[in-house]
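J.: First the structure, then my questions, so here it is.
The values are calculated or read from the model by the stated rules, or taken from the named source; none is laboratory data. All of these numbers come straight from a predicted model, not from anything done at the bench. Glycine also receives a Cβ, built like all others from the backbone with ideal geometry; neighbour counts cover every protein chain displayed.
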Amino acid sequence: MSKRDELEADVIIVGSGPGGGSLAWGLCTMGVRVLLLEAGPAFVPSRDYPQTASDWERHEFPHPKGSRGRYTFAPLQALDGSLRKELGSWNAGQGPLNRSGYRSGWRYHHVRGVGGSTLHFIGEAHRLHPRAFRIRTEHGIGADWPIDYQALEPWYAKAEALIGVAGEEEPSRPRSSPFPMPAHAPGYAAQRLRNASSLNWHPNSLAVLSRPFQGRPACNYCSACNRGCPRTDKGSTDVTFIRQALASGRLTLMPQTEAVSLVAGPSDRVAALIASTGKNKYKRIQGRFYVIACGAVETPRLLLLSANNHAPRGLANESGQVGRNFMETIFWKSTGLHPHSLGSHRGLPADLVCWDFNAPDAIPNVIGGCRFTHSTAEGGFNGPIAHATRALAGWGARHRRQLQKEFGHLLSIGAIGESLPHPDSRITLDPKRKDAFGRPLARIHSHLDKMAIERLRFMARKSREILQEVGAEELREEYGSYDFFSSTHVFGTARMGLDPETSVVNADGRSHRWTNLYISDASVFPSSGGGESPSLTIAALGLRMARHIADRLMRRE
């Protein structure tokens, strides 16, 4: 490499999701110059999310070249025939969705692009339940966090204020300040649900503006958040943290630049990062600090691919824990037909949430909680095509008349539960499949143990009970984690902790050994929580890390 192929920065961040973006903003506001690398492209909301097109429903979140990461699945577990009737995925249009005898590796829903997977999230902005931070102390399972809720609370508040989170105070999560935005009013379908259900439903806390903020408009309730928000009222990382960091003049953003490896050097320091900016184009980048923020699948892959003489087992893998403790999205969704027109295709994708079973011991005889949401639009039932192909069988004139009669009557209850570490759930390097650079792809291993299945059974039964209470007794679709791996929220593969033998980074997100290496994404989570969306916690940890790194720079460490 020539001199012109070398770059320098105070802090180099790999990955521009909520962990990398919040960290970049925090550092830039404290006078630090930051280089932010992103393997995927930069999206232009008004151009790339064509929600006003007449065929909008045929287009899911767009994936231009380079915006999908590649990965593989290890063989997943055999399905128990006695459980398939209760937990098998199906719909009225297609019947059983997994006809094999094994769990199917469907998808890791990850976006490579400036903003990361927040580009297609629905905006849920949750704080973890305070007891989720000490699940091992209380229940002897999983791992405790090396920090508690109170240590993270001021950073939660700061992240909410910067993003513009709308919500309603919830007693189990104490706050030092109110939500910066008033909660969104539930839609008509959600109101019917809340009034008829015996559970406690609250307006969901969402990174979706309920009033204009910093040049961004209030939400227009089109219900298509997970297809990309062309108006920027959804607080994805690109239009919040990264936009403001760029405005500071201290951030250099390099999209379509993929980190190939980190170079471990002497004296327990990372010496450089090798990145590709195109075919056969490489740059050697040197900084004082290096931060990996690629998510719980790609972060361990990059660390394992960075093995050399100084780090023979992979970078930061002295404990052997890189890639271990992988936790996924344990989910369930039931959709029923309500006798009355609810207009359920309109409004926010998850406008109501129920936290009644969110605490680690809230589900009888099960460790690990869950939450429920009104999720008709989130599940894709926000247009007639989905209803016609998934919730109805047949074709022709009768099918069309039935669709006209039923559209807007569907009601979905979604649930996400705790995912606990298991020895057979991990990320490794695929022994055969490689990327364009000749590097092994990440290989996802997933196993649902008896506790996870019991939690899933509770989520399925309770979802059906809720629909019956509301009057939507005729089920039209159900799907869940029992027979499909389908995860957006993934955690734990570079766990934070106090003991270097059982964790990868310390309470500040810094490698126990490598003094200038940090990790800022959900791979550091010791526990997943009882169904909370992780993006706000990732952002809060990123802001906290920014303060820590800036202090080290001021001390000239």
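J.: Does the stretch 69-78 contain at least one residue that is closer than 30 Å to R284 by Cβ, in contact (Cβ under 8 Å) with a residue 24 or more places away in the chain and out of contact with any Leu (no Cβ under 7 Å at 6 or more places or on another chain)? Before the answer, list the steps.
T.: First, pick out the residues of the stretch 69-78 that are closer than 30 Å to R284 by Cβ: 69-72.
This time we only want the ones that are in contact (Cβ under 8 Å) with a residue 24 or more places away in the chain, so: 69-72.
Still in the list and also out of contact with any Leu (no Cβ under 7 Å at 6 or more places or on another chain): 69.
Yes, that holds for at least one residue.
Residues checked against (1) among the polar types (S, T, N, Q); (2) out of contact with any helix residue (DSSP H, G or I) (no Cβ under 7 Å at 6 or more places or on another chain); (3) buried (at least 22 other Cβ atoms within 10 Å of the Cβ):
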residue	(1), (2), (3)
F357	no, yes, yes
I367	no, no, no
T376	yes, no, yes
G383	no, no, no
K405	no, yes, no
R433	no, yes, no
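J.: Here's something else I'd like to know. From the list A350, A377, which residue is among the small types (G, A, S), at pLDDT below 95, part of a loop (DSSP other than H, G, I, E, B) and under 24 Å from the mean Cα position of the chain (by Cα)?
T.: A377
J.: A further question follows. Counting residues that are more than 23 Å from G379 (Cα to Cα) and in contact (Cβ under 8 Å) with a residue 60 or more places away in the chain, which strands (runs of 3 or more DSSP E) fully inside the stretch 422-481 reach at least 3?
T.: Here the list reads 426-434, 440-445.
Residue-by-condition table, conditions (1) assigned to a loop (DSSP other than H, G, I, E, B); (2) modelled with pLDDT of 95 or more; (3) within 20 Å of the chain's Cα centre (by Cα); (4) within 16 Å of I519 (Cβ to Cβ):
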| position | (1), (2), (3), (4) |
| --- | --- |
| S16 | yes, yes, yes, yes |
| A42 | yes, yes, yes, no |
| R47 | no, no, no, no |
| A53 | yes, no, no, no |
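One line per residue, one yes/no per condition, for (1) closer than 26 Å to N358 by Cβ; (2) touching a Phe, Trp or Tyr at 6+ places or on another chain (Cβ under 9 Å); (3) crowded, with 24+ Cβ neighbours inside 10 Å; (4) at pLDDT below 95:
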| site | (1), (2), (3), (4) |
| --- | --- |
| D508 | no, yes, no, no |
| S511 | no, yes, yes, no |
| W514 | no, yes, no, no |
| Y518 | no, yes, yes, no |
| S528 | yes, yes, yes, no |
| I538 | yes, yes, yes, no |
| H548 | no, yes, no, no |
| D551 | no, no, no, no |
| M554 | no, no, no, yes |
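J.: Condition first: under 30 Å from R464 (Cβ atoms), in contact with a His (Cβ under 8 Å, 6 or more places away or on another chain), small (G, A, S) and surrounded by fewer than 21 Cβ atoms within 10 Å (Cβ to Cβ). Now tell me which residues in the stretch 303-349 satisfy that.
T.: S341
J.: A further question on this structure: Any chance you could count how many residues in the stretch 308-332 are touching a residue at least 60 places away in the same chain (Cβ under 8 Å), touching a helix residue (DSSP H, G or I) at 6+ places or on another chain (Cβ under 8 Å) and part of a loop (DSSP other than H, G, I, E, B)?
T.: 6
J.: Then there is this: Specify the residue that is surrounded by the fewest Cβ atoms within 10 Å (Cβ to Cβ); the eligible residues are those in the stretch 124-144 that are closer than 17 Å to G19 by Cβ and not acidic (D, E).
T.: My answer is L128.
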